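Structure record follows, encoded as structure tokens.
Each value in this text was obtained by applying a stated rule to the coordinates, not by laboratory testing. Since the model is a prediction, treat every value here as computed from it, not as a measurement. Don't worry about glycine lacking a Cβ; one is built from the backbone with ideal geometry, like all the others, and counts go over all protein chains shown.
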Amino acid sequence: MQIVSTRTLVGMEIHLELSTQSKNFTAAPCLAHPDQWDAPPNTLVDPVTMALPGTLPVLNREAVEMSMMVGIALGSDIPDFCKWDRKNYFYPDLPKGYQISQYDLPLCVGGSIDIETEAGKRTIRICRAHLEEDTGKLGHELPGGGKADGSLLDLNRAGTPLLEIVSEPDLQNAEEAVAFARELHALCVFLGVTGGVMQKGHMRFEPNINVVITLDDGREVATPIAEVKNLNSFRAIKGAVEYEAKRQVEQWKKDGIEMGPGRKATYGWDPEKMCTIMQRSKEDAHDYRYFPEPDLVPLRVDDAWRDRVRSRLPELPQARRHRYTGVYGLPEKDAKALVADPNFCFFFEDAINGVSSEAAHATAKLLLNTAAKMANEQSTSVPELGVSAGQVASLVELRATGEIGSNAVETIFGLLCKEDTQPSVVAEREGLLQVRDEGAMDTWVAAAIEAHPKAAEDFASGKDAAVGRLMGEVMKQSGGQADASAVREKLIATLRS
């Protein structure tokens, strides 16, 4: 049989650590909260975390509401009733020997998220999102980098509220998988439910990948599903999907094994070799021996609670992008760049509060070019540069009124990052204010025409390129303080009237 075509199918499981103050089923501090990101190992631990005899779980209301926020933003149904289940398995970083999770009645059901692809917008369906708890973490290096004889157990992460979001297998290639991951990441960070630092494990992506192969006799066969675990970068997602899409076709050519019961497998990702590594065959639901959690009552959600949670939702990334392109006329690329980092986006919002669409456009240009370049050079973010949103707004207004030239903007911005001063004060102090005095302008233009009679003659006859030499002379005469647009207007009025 010959292969006519192949079609990749990707469903995504996302483990989202919620940044609550305390853990999901105990009052111990939560590692995912910004105050605890750098906590020393095993300092966020209590008897419940350690599963000592006689301890009982108590549900974290904020974790439930954060999960509901994500579900509502995704368009999921929040059922009136859901319950908790024990997912039983042994692993050294799971002290209880089971994970409190949700099996058949999750907190969020259905929903979708739109992504932009080369072919246009696509809607990716969400199957469910259920709330559970994270495990601890195993390490294999001693402090300072030395290799440990065994495994080192850190229980700081154990019990962290974990929302598992599961998509339908609607993604068709690596690019779509990355677009989906980026969109969901932005959504969750804007909601304020997670720090979103993927290197810290705040969001871990697990693509489930297989390939549908069409043969020359019209028959379709599907390869076994590979679940690639714990990817914490968009680069890793792209690499894993691309690698598996090729590997599975080659594997099918060798053994002809198709998807079926017990044939799903778990893989790891090697970022150095850019390949997947098989770890184990994947358990089915019955292997976990799910049963209702006897120590927690079921959860009931009424309309009033849903409405209170819904009122907490901010404007979401897609809505912001549409506003930036529609109201302010920003290019799609600029709108996406502004929304990519929530703190950057909020800074932009503060800087354009109450301004015109033209000023908003100029502000975006300033932040995405001058400010972003400076932040990159200093390995920081724009909001951390030291300049305030108010200073940025004043600087944009100063340029719009022609009081400073375009070349002065970067200089003034750099100085504003170091001092709490108004841009106009800095511009005056540094001699960067442009002169629009008519008398002075007449003198400079006359001197330029006298110095370059041939250029003046060419410009007068309609050769626009000749204006450069004349304007350069005016800038020389003015010490760079002449308003360039005013100079051009004066030359046109003088030589072409």
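Compared with the direct C-alpha span, the chain from K454 to R300 gains 46.9 nm at full extension, assuming 0.36 nm per residue. Multiplying the residue separation of L313 and E428 by 0.36 nm and subtracting their alpha-carbon distance yields 37.0 nm.
Do the alpha carbons of any pairs in K87/K253; K336/K490; K23/K336; K87/K147; K229/K254 sit beyond 28 Å of each other, and which pairs? Over 28 Å apart, Cα to Cα: K87/K253; K336/K490; K23/K336; K87/K147. Taking other C-beta atoms within 10 Å as the exposure proxy, M68, M441 rank M441, M68 from fewest upward. Using +1 at the Cβ of each Lys and Arg and -1 at the Cβ of each Asp and Glu in the chain, identify which of L94, L155, M259 lies farthest towards the dipole's positive end. Of the options given, the answer is M259.
So what's the gap between the Cα centers of segment 361-399 and segment 1-50, to the nearest angstrom? Each part reduced to its Cα centre gives a spacing of 34 Å. Can you tell me the FRET efficiency between A222 and L138 if r is taken as the Cβ-Cβ distance and R0 is 35 Å, rounded to the nearest 0.05? FRET efficiency, A222 to L138: 0.55.
Extension gain, A27-E384: 0.36 nm per intervening residue step, less the Cα-Cα distance, totals 125.3 nm. Would you please state which residues of segment 245-284 a label at N230 would reach in this model, taking the label point 7 Å out along Cα→Cβ and a backbone N cut-off of under 18 Å? 265-283, by backbone N distance to the label point. Cα centroid separation, segment 107-150 to segment 447-461: 67 Å. Sites counted here are GluC sites (Glu not before Pro) in a DSSP loop (not H, G, I, E or B) having no more than 15 other Cβ atoms within 10 Å; the longest part of the chain that contains none of them is 119-257. When Rg and Dmax of the Cα atoms in Å is calculated for this entry, the matching label among [x] 30.0, 97; [y] 46.2, 149; [z] 23.5, 76 is [x]. Here the label points at N353 and T117, each 7 Å from Cα along the C-beta direction, are separated by 4.1 nm in the simple model.
Placing +1 on each Lys and Arg Cβ and -1 on each Asp and Glu Cβ, with no other charges, gives segment 438-495 a dipole about its Cα centre of roughly 180 debye. Farthest towards the positive end of the charge dipole of segment 1-103, among the residues S5, M50, S76, is the Cα of S5, using unit charges on the Cβ of Lys, Arg, Asp and Glu. Charge dipole (Cα centre; +1 on Lys/Arg Cβ, -1 on Asp/Glu Cβ; no other charges) of segment 3-304 amounts to roughly 540 debye.
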